[in-house]
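Below is one structure, written out as structure tokens; comments come after it.
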Amino acid sequence: MKALIQRVRRASVEVEGEIVGSIDHGLLALVGVEKHDDVAAVEKLLHKLLHYRVFSDAEGKMNQNLQQVNGGLLLVSQFTLAADTHKGLRPSFSSAAPPAQGEALFNLLVTQARTAWPNVATGEFGADMQVALINDGPVTFLLES
């Protein structure tokens, strides 16, 4: 699994003109599921999402994680993260998980995240979503499980 995370001041995701998920200060995670991913990959990615130190401490160093700053986590499925872009000028999605597997593992990530952390919002798997955010920093990292 891959997650492109962005430290945000606020973020929201909209489907058909309706906001379906939003957070204030925290992390927006665009999540891509690949064919080889499994439950262990979900658990490893969730651990990173909750514990990756991207928030500033009192000295301005990135030393605090999402839980330490009591931040929100907005999870948005994005199968294009699984694209192979090494060759040519058109992405290949041969490494992306089939929709049923992708949805099952994304939903497992959401369920486990909500069990571990109270401030979790999501987009809608497979929907045409519009994501709005104010990137704080900007700070962006690609996490892989």
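Going from the residue with the fewest nearby Cβ atoms within 10 Å to the one with the most, PHE125, PHE106 rank PHE125, PHE106. Within straight-line reach of LYS48, meaning a Cα separation under 24 Å, sit the following lysines at least 8 residues removed in sequence or on another chain: LYS2, LYS35, LYS61. Taking Lys and Arg as +1 and Asp and Glu as -1, the other residues whose beta-carbon sits under 10 Å from that of MET129 total -4.
Quick one: net charge around GLY26, please, counting Lys, Arg +1 and Asp, Glu -1 for every other residue with C-beta under 15 Å from its C-beta. My count for the surroundings of GLY26 gives +4.
Across segment 138-144, rounded Karplus estimates of 3J(HN,Hα) from the backbone phi angles (6.51 cos²θ - 1.76 cosθ + 1.60, θ = phi - 60°) give x, 10, 9, 9, 9, 9, 10 Hz, Gly and Pro being marked x. Amide H to amide H distances under 5 Å link VAL20 with VAL13, GLU14, VAL15, where only residues 5 or more positions off or on other chains count and H is placed in the peptide plane. Using just its DSSP H runs of length 4 or more, each adding -39500 (n - 2.57), the chain gives a mean residue ellipticity at 222 nm of -7000 deg cm²/dmol after division by all residues.
A short reminder: the numbers here are calculations on the coordinates, not readings from a lab. This is a predicted model, so every value here is computed, not measured. Every residue, glycine as well, gets a Cβ built from its backbone with ideal geometry; the counts of neighbours run over all protein chains shown.
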